[in-house]
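The values are calculated or read from the model by the stated rules, or taken from the named source; none is laboratory data. Predicted model, so just to flag it, every value in this text is computed and none were measured. Cβ coordinates were reconstructed from backbone atoms using ideal geometry, including for glycine residues, and neighbour counts include every protein chain displayed. For accessibility, only protein heavy atoms count, side chains too; no ligands or nucleic acids. Shrake-Rupley method; radii C 1.70, N 1.55, O 1.52, S 1.80 Å.
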Amino acid sequence: MAQTLEVLIVDDDEDDFFLTSEYLKRITGHNFIISWASTYDQALQLFSTHHFDLCFFDYLLGFRTGLDLLVVAKELDLRVPIILLTGKGDTQVDVQAIRSGVADYLEKHELDSKKLERSIRYTLERTKAAEELMRAEKLAATGRFMRTLGHEIRNPLTNIDLAVGQLFLENKDPELADYLEIIERNSKRIGQLVTALLQTSNPGQLTLQAVTLFEILEQTLEMAKDRIALKNIKLVKAYQLEQETIQVDLEKLKIALLNIIINGVEIMEAGQGELIIRIINFPKQVGIVIQDNGPGIPREVQNRIFEPYFSNKVNGVGLGLAGALSIVQLHGGNIEVRSIEGQGATFTVWLKR
């Protein structure tokens, strides 16, 4: 399937814009949705109303330059790779461009579809690698923080558990016993949450075992059933008794899948939500599909939802999806997201057989 990329070309020469557009249209493997800004100000306006996957900036833009525009893009925190175009080679501009953070630098008179395709491919690959490195660094920092936090939370929890245990031994009042049970139950729940957070933020080594796909999904959904029932979400199990086995760390994978499921459940409207779980089988990999009919994910943040601490939910902390991706990648897999705003979201967890 061809990848769709929204592209902005900022060039004050309409003929050059036309040529660049034609070169893009000849590239196979991508569908390009092309926008044009003929001035610096038009580009700024488009930044505020559109999300782009890739930008081409002409170096000369009247009294401004493409590098000036790059500075503004950074200030606006537009996380989009930028390729600089210029009419003729200039070593000084080349060095300045690379230092400023452009993904690549191309001379217009040497441009053709082949060079443009190679530049785009390398740019997207480098951008993806940088994002994965940043995500890994943030997740590592999160792991260190969570270990410290977990230690600080578990110490008072231990004291609470000991105190409650002693009160159970000494108490003769049945009514008080009910309250003690509530304290004990919630203390254990906090301990379980701390353990889950630690496993999510620092998955560590895997303990692999052969497990059927049916077992994985059934056990995960059992963990999520209270949240699903609380919001009156319709659950559709679009899979049969899937007996194919894969080698996974069952407990960690359940946490990853649960995080995705809960993310969908929380964002759907109570009483109106529908959660569909299905399986895609291929000879060398399997896809676990989790689909919701919620509001969808805005396109401009779809490439950020797996970043630690990033969340588009009011009360979100931004660790669930980041941890899920980390666990799945530790298994040698990946997570694919497809969403159209207003039409729900589909997460596919790809795992090796």
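See the values below:
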item	result
More than 19 Å apart - percent of Cα-Cα pairs taken over segment 223-280	35
Share, in percent, of DSSP beta bridges within the chain that are antiparallel, nearest 5	50
Surface accessible to a 1.4 Å probe, Glu175 within the full protein complex, Å²	110
Most to least accessible of Asp104, Asp292, Asp13 (protein chains only, probe 1.4 Å)	Asp13, Asp104, Asp292
Residues of segment 220-353: accessible area per residue with a 1.4 Å probe, Å²	48
Percentage of interatomic Cα-Cα distances in segment 160-284 larger than 20 Å	59
Percentage relative contact order, the chain, counting C-alpha pairs under 8 Å, at least six apart	12
Ellipsoid semi-axes in whole angstrom, largest first, where each is sqrt(5λ) of the Cα gyration tensor of segment 70-130	19, 16, 9
Residue-level accessible surface for His50, protein heavy atoms, 1.4 Å, Å²	90
In sequence order, calculated HN-Hα J values of segment 165-182 (Karplus, 6.51, -1.76, 1.60; Hz; x Gly/Pro)	x, 5, 5, 4, 5, 8, 6, 10, 8, x, 5, 5, 4, 4, 5, 5, 5, 5
For the chain, size of Cβ-based charge dipole, Lys and Arg +1, Asp and Glu -1, in debye	1000
Shape parameters for the chain, alpha-carbon atoms, Rg then Dmax in Å	25.4, 90
Overall Cα dimensions of segment 15-72, principal axis frame, Å, largest first	35, 24, 15
Calculated Rg and Dmax of segment 1-118 using C-alpha coordinates, Å	13.3, 42
Nonlocal amide H pairs with Ser35, under 5 Å, H built at 1.01 Å	Val7, Leu8, Ile9
Accessible-area value, Arg79, 1.4 Å probe, nucleic acids and ligands omitted, Å²	90
Paired Rg and Dmax values of segment 207-353, which use every Cα atom, in angstrom	14.5, 41
